[in-house]
1. Please report the Cα spread of the range 34-77 along all three principal axes, rounded to whole Å, starting with the longest.
2. Can you put ASP139, ASP75 in order of Cβ neighbours within 10 angstrom, beginning with the fewest?
3. Starting from the Cα gyration tensor of the range 24-121, multiply each eigenvalue by 5, take the square root, and state the resulting semi-axes largest first in whole Å.
4. Rounded, prolate or oblate: which fits the range 53-94, taking a ≥ b ≥ c as square roots of the Cα gyration tensor eigenvalues, rounded meaning a/c under 1.5, else prolate when a/b beats b/c?
5. Within the range 1-118, how many Lys pairs that are eight or more residues apart, or on different chains, come under 30 Å at the alpha-carbon?
6. Whole-Hz Karplus ³J(HN,Hα) for the range 101-106, in order, using 6.51 cos²θ - 1.76 cosθ + 1.60 and θ = phi - 60°, x for Gly and Pro?
7. Highest mean first, what order results for 164-176, 12-24, 121-133 on Cβ atoms within 10 Å?
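None of the figures in this text is laboratory data; all of them are computed from the coordinates on show. What you are looking at is a predicted structure, and each value in this text was computed from that prediction instead of being measured. Backbone-built Cβ (ideal geometry, glycine too); neighbour counts: all protein chains shown.
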Amino acid sequence: MKIKINIDLRVGRIVKYFIFADLALLAGWGLVQPIFAIYLIDKIEGATLVTVGIASSVYWLLKSILQLPVAKYLDRHTGESDDFLALVIGLFIVAFSAVALIFIEKPWHLYIVQVIYAIGFSLYVPSWSGIFSRHLDKDKVSFDWSLDSTAVGLAAGVSGFLGGVIAEAWGFPVIFAMAAVFSVVSALVVMAIPDLVFPKKTTDPTPFKDHTPTNLRH
């Protein structure tokens, strides 16, 4: 018995661009994951694992709370210009937070940066998910989401290894600079889609949620 598996990897243009944008952003931050706790303890005088835990909590709690009103606001407005603006602003805020991590010296510096980071992702997650959902390929909804998850997962797997190698060879600041660059690249990829710069009106209430693996964001 022969089993033939034929997977058509062709997807819509906007879906493809958004997968590239998600991949670039989370691959860049995937570089940070293996060295983040070590960097904080090494960089901040008196920092402990509790400091790292507080920093993580600040991000997750604030991001989880803020993204809900952002999502409600975006849903109330037809068209994608507001989603697009929130997405681009969010990406540049995330890029700024990566650079800011290079200069932290005290725990409260770290917590402020985590607040900024949370604001950036609270703008990014609802806007990316909303636009991506409205442009899913017909009869390929599950595949489009899975392709994004697979692309991001593979990139994170590679960048997770490279993060440790690069930090050991060239130091921690290089990692955060690269995360910032990848975040900006993600924004530029999105901005390269003319259909979003001058979007068409849409009232499609597709209720998809962000399926990006949460363990890629500290």
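1. Taking the Cα atoms of the range 34-77, the three principal extents are 46, 17, 14 Å.
2. Details: ASP139 7, ASP75 14.
In increasing order of surrounding Cβ atoms, one gets ASP139, ASP75.
3. Values: eigenvalues 163, 39, 22 Å².
Output for the range 24-121: semi-axes of 29, 14, 10 Å.
4. Details: a/c = 6.15, a/b = 1.84, b/c = 3.35.
Oblate, since a/c reaches 1.5 and b/c is not below a/b.
5. On the way: LYS4/LYS16; LYS16/LYS63; LYS16/LYS72; LYS43/LYS63; LYS43/LYS106; LYS63/LYS72; LYS63/LYS106.
Total qualifying Lys-Lys pairs in the range 1-118 comes to 7.
6. Result, rounded to whole Hz: 4, 5, 9, 5, 10, 10.
7. Numbers: 164-176: 16.2, 12-24: 20.3, 121-133: 24.8.
Averaged packing, sorted descending, gives the order 121-133, 12-24, 164-176.
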